[in-house]
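Take a look at the structure below.
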Amino acid sequence: MTSLARKAIVVTGAFGALGSATARAAVKAGGRVALIDRAANAPPGLLEACGPDAVALGGVDLSVAADATRAIDAATDHLHGLDVLINIAGAFRWQTVADGDSQLWDLMYAINLKTAVNASRAALAHMRKSGTGRIINMGANAALKSGAGMGPYAASKAGVHRLTESLAEEVKGFGITVNAILPSIIDTPANRADMPQADFTRWVAPQALADVILFLASDEASAVTGALLPVTGKV
Ligand SMILES: NC(=O)c1ccc[n+]([C@@H]2O[C@H](COP(=O)([O-])OP(=O)(O)OC[C@H]3O[C@@H](n4cnc5c(N)ncnc54)[C@H](OP(=O)(O)O)[C@@H]3O)[C@@H](O)[C@H]2O)c1
């Protein structure tokens with residue numbers, strides 16, 4: 001099992017399906033976590049499961065740069081440092097171009113890309129001082145080759161892929177790595193409700209994604225940067 005002993009880890013989108021599984025897994029691996037989310041309250045039991053060092057910062061819209069900086073600074077203060085930023089905040093919407101509207105393009109860009117940009121910039125202020133750090137972004141396999149109705153989402157996630165590559169190059173000399181995970185379909189309650197006829201065994205379990213995320217957060221992954229890693233189960 002990957003060891004993240006005593007590492008200070010910020011998880012965004014931490015109240016959601018993958019975020020909460022990742023936060024729990026990070027604590028099991030020995031890390032100390034700060035949970036940031038736009039939702040006001042953590043799901044019942046999550047903060048307790050993350051142990052006495054954990055802090056939950058709800059009601060934070062990371063697409064607003066000043067709010068992201070405030071939250072990352074508060075998390076860093078609480079954890080007395082920042083070793084790992086896991087950018088999980090995001091959302092999916094399906095909409096065709098012909099019958100759609102521009103607002104959804106702005107929304108996907110804000111939720112999927114700007115949240116990662118703002119949180120990363122705020123984290124880099126701390127990581128560059130300490131000369132070490134890990135940033136793990138959430139891209140999407142569906143952004144490698146898109147389909148009808150996937151435009152706004154896939155374009156925003158393609159932006160996350162390019163952000164990952166660009167930032168990895170930018171901070172190579174600072175001991176900081178930047179990588180992205182590209183899930184296909186995650187086995188979440190929301191996806192099960194949306195696609196009740198699907199074969200759930202083909203999807204990727206949140207825990208399986210968390211395992212890969214935590215590897216990228218670990219010391220063992222120090223030579224991996226700028227990678228876009230599909231984690232797609234049997235989809
Ligand atoms: N589910 C999949 O099949 C799948 C596939 C590929 C990639 N992904 C990506 O994987 C990540 C996690 O997916 P998930 O299924 O776990 O999603 P989820 O359950 O909806 O969790 C996402 C969390 O991010 C929060 N969030 C959204 N916008 C935010 C903002 N502006 N500032 C701060 N927090 C914000 C959400 O809060 P609210 O509830 O208030 O919106 C929610 O708690 C996302 O980036 C998603 O795009 C998911």
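Here are some notes:
- Each residue in 105, 203 was given a count of other beta-carbon atoms within 10 angstrom of its own, and listing them fewest first yields 105, 203.
- For region 166-235, GluC sites (Glu not before Pro) are listed when DSSP marks them as loop and at most 15 other Cβ atoms sit within 10 Å of their Cβ; the list is empty.
- Full extension of the chain between residue 125 and residue 103 gives 4.8 nm of extra length, using 0.36 nm per residue less the Cα-Cα distance.
- Each residue of region 205-211 was assigned a 3J(HN,Hα) from its phi angle through the Karplus expression (A = 6.51, B = -1.76, C = 1.60, θ = phi - 60°), giving 6, x, 4, 5, 5, 4, 4 Hz with x at Gly and Pro.
- The stretch between residue 28 and residue 53, if pulled fully straight at 0.36 nm per residue, gains 7.7 nm over its current Cα-Cα span.
- Amide H contacts under 5 Å for residue 135, placed H, 5+ residues apart: 85, 177, 178, 179
- In plain terms, the chain from residue 184 to residue 235 could stretch by 17.7 nm, reckoned as 0.36 nm per residue minus the Cα-Cα distance.
- Spacing of the two label points (7 Å from each Cα toward its C-beta) at residue 64 and residue 205, in nm: 3.9 nm
- Summing Cβ point charges (Lys, Arg +1; Asp, Glu -1) relative to the Cα centre of region 1-75 gives a dipole of roughly 280 debye.
- Semi-axis lengths, largest first, of the ellipsoid equivalent to the chain are 26, 20, 18 Å, with √(5λ) applied to each eigenvalue of the Cα gyration tensor.
- With helices as the sole contributors, the chain gives -12000 deg cm²/dmol at 222 nm; each DSSP H run of n ≥ 4 counts as -39500 (n - 2.57), and the sum is divided by every residue.
- Crossing angle, helix 17-28 versus the chain [Cα axis fit, 0-90 degrees, rounded to tens]: 20 degrees
- Rounded to whole numbers, the Karplus 3J(HN,Hα) couplings from phi for region 120-132 are 5, 4, 5, 5, 4, 4, 8, 5, 5, 5, 7, x, 7 Hz, using 6.51 cos²θ - 1.76 cosθ + 1.60 with θ = phi - 60°, and x at Gly and Pro.
- Taking the fewest neighbouring Cβ atoms within 10 Å as the starting point, the ordered list for 172, 7 is 172, 7.
- Ranking of 11, 204, 117, 178 by count of other Cβ atoms within 10 Å, fewest first: 117, 204, 178, 11
- Dipole magnitude of the chain, debye to nearest 20 (Cβ charges: Lys/Arg +1, Asp/Glu -1, about Cα centre): 300 debye
- Residue-wise HN-Hα coupling along region 221-227, computed from phi with Karplus coefficients 6.51, -1.76, 1.60 (Hz; x: Gly, Pro): 9, 5, 9, 9, 8, x, 8
Bear in mind these aren't lab numbers, they're just calculated from the coordinates by the rules spelled out. Since this is a predicted model, take the numbers as computed values, not measurements. Cβ coordinates were reconstructed from backbone atoms using ideal geometry, including for glycine residues, and neighbour counts include every protein chain displayed.
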